[in-house]
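Computed from the coordinates by the stated procedures, all read-outs in this text should not be read as laboratory data. Being a predicted model, the structure only gives us computed values, none of them experimental. With ideal geometry, Cβ positions are generated from the backbone for all residues, glycine too; neighbour counts draw on all protein chains shown.
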Amino acid sequence: MINPELLEILVCPETKAPLVVDQDGNLVSTDASSRRKYRVDEGIPILLIDESEVITPEEHGKAMKWAEEHPIGKQPRKADQ
């Protein structure tokens, strides 16, 4: 699992689009034209373009839908309440 506070500041190194976590725990760029997926190894995001994967439009759509239905870090922290 990736730290929600870290996820808030991470962006795709190629497009600078925000990243979301998919159902497999990978990071996926929200940019629909690049559709980059980055793996997370032992909680460490591997944000290297050469090691990323370009996923199909269908896979990207599924990842975006899953991330919308399962947001990480969107619950208010105790200090915010």
*Net charge of neighbours whose Cβ lies under 9 Å from the Cβ of Ser52, counting Lys and Arg as +1 and Asp and Glu as -1*: -1
*By how many degrees, 0 to 90 and rounded to 10, does the Cα axis of helix 57-69 deviate from the longest principal axis of the chain?*
0
*Taking amide H positions as placed in the peptide plane 1.01 Å from N, state which residues far from Ala17 in sequence (5 or more) or on other chains have amide H under 5 Å from it.*
Cys12
_What are the ³J(HN,Hα) couplings of region 21-30, residue after residue, when phi is run through the Karplus curve with 6.51, -1.76, 1.60 and θ = phi - 60°? Round to Hz, x for glycine and proline._
9, 8, 5, 9, x, 8, 9, 10, 5, 7
*With the contact rule set at Cα under 8 Å and sequence spacing of 6 or more, what percent relative contact order holds for the chain?*
27
